[in-house]
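All remarks here apply to the structure that follows.
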Amino acid sequence: MTGESAPPGNGNQENGQELGRIERPAAAEYRGKRRLLLVPLVYGPPPPPPTATDAAASPETLAAAEGQVILEHYWEQAQVQVNALESGLGGLRRIYHESLIEGGAPGLAYLQLADPQSHSLVQAKCQAGAVLEATESWELLAETLDWQRCLMAPLTSEKVAAQIQEWFAAGNRRRYEYIARQIDQTLQPDETSLLLINERHQVQFPADIEVFYVAPPALDEFRRWLQNWAARMQRAGVTEEENDGGEGAVVE
């Protein structure tokens, strides 16, 4: 539970499962240490656009609504678990959030527009006295996003695709190293902090930081829903292509 990132499946995942039962850690065990609660950021796909037919009854709309309900449960459970950890470890002092290049009021205003679900949790903790810290470098974040967009574009050359992938990986590595430095430079001894970041992050935390992986029960439920949703969308895409092809294609 110390010094390393906490992807699903490692020892920190086991700690997260224990936290799912809302067990409070022994405060004396972590007194004087730097502590970080890690909450995975999860996002659902955007709702499908309305059609001429009754969109409210379409399978895509119903599936999206189901995912939204699961997400709401996830954030409710995450807040309960964070509250329980706070009670055992001491009050939350600092908050870090992926994609946040400004802290304080400007950062909170950004989250309200960009990520309303995590904003509710962050706002409540800031009102209770926590400090929202700038977490990312705009230059490194923008570079990574641009390389990601390049990877999403159709490419003919495998060599070009491999080069872009290499540049993307290098930029992402520098980005996560920056996040680790920001936490290391601002989190003080005997402080408890909160980090909200994607599950695939590559942040390597300083060895003296105790990391608590928060894993609400709804997290696994959302993963299953997302997998089923992706499979459904893929089947729908294949069916649409077959229907388009059946109308007759022009071959030059």
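The values are calculated or read from the model by the stated rules, or taken from the named source; none is laboratory data. For clarity, every value in this text was computed on a predicted model and none was experimentally measured. A quick note on method: Cβ atoms are made from the backbone with ideal geometry, for glycine too, and the neighbour counts reach across all protein chains shown.
Things worth noting here:
- Residues (assigned to a loop (DSSP other than H, G, I, E, B) and touching a Ser or Thr at 6+ places or on another chain (Cβ under 6 Å)) located in the range 155-194: Leu187
- All of (1) farther than 25 Å from Leu187 by Cβ; (2) in contact (Cβ under 8 Å) with a residue 24 or more places away in the chain; (3) acidic (Asp, Glu) hold for Glu136 with one exception: (1).
- Meets criteria (out of contact with any Phe, Trp or Tyr (no Cβ under 7 Å at 6 or more places or on another chain) and more than 23 Å from Gly32 (Cα to Cα)) for Ala128: no
- Of residues in the range 115-137 being in contact with a Leu (Cβ under 9 Å, 6 or more places away or on another chain) and part of a helix (DSSP H, G or I), the one modelled with the lowest pLDDT: Gln117
- Against the conditions (1) exposed (fewer than 13 other Cβ atoms within 10 Å of the Cβ); (2) closer than 20 Å to Glu29 by Cβ; (3) of a type outside the set (Gly, Ala, Ser), Gln185 satisfies every one except (2).
- Meets criteria (assigned to a loop (DSSP other than H, G, I, E, B) and either in contact with a helix residue (DSSP H, G or I) (Cβ under 8 Å, 6 or more places away or on another chain) or of a type in the set (Val, Ile, Thr) (or both)) for Thr144: no
- Being modelled with pLDDT of 95 or more and assigned to a helix (DSSP H, G or I) is a description that does not apply to Ile197.
- Residue match in the range 48-68 (condition: assigned to a helix (DSSP H, G or I), within 24 Å of Tyr178 (Cβ to Cβ) and at pLDDT 85 or above): no
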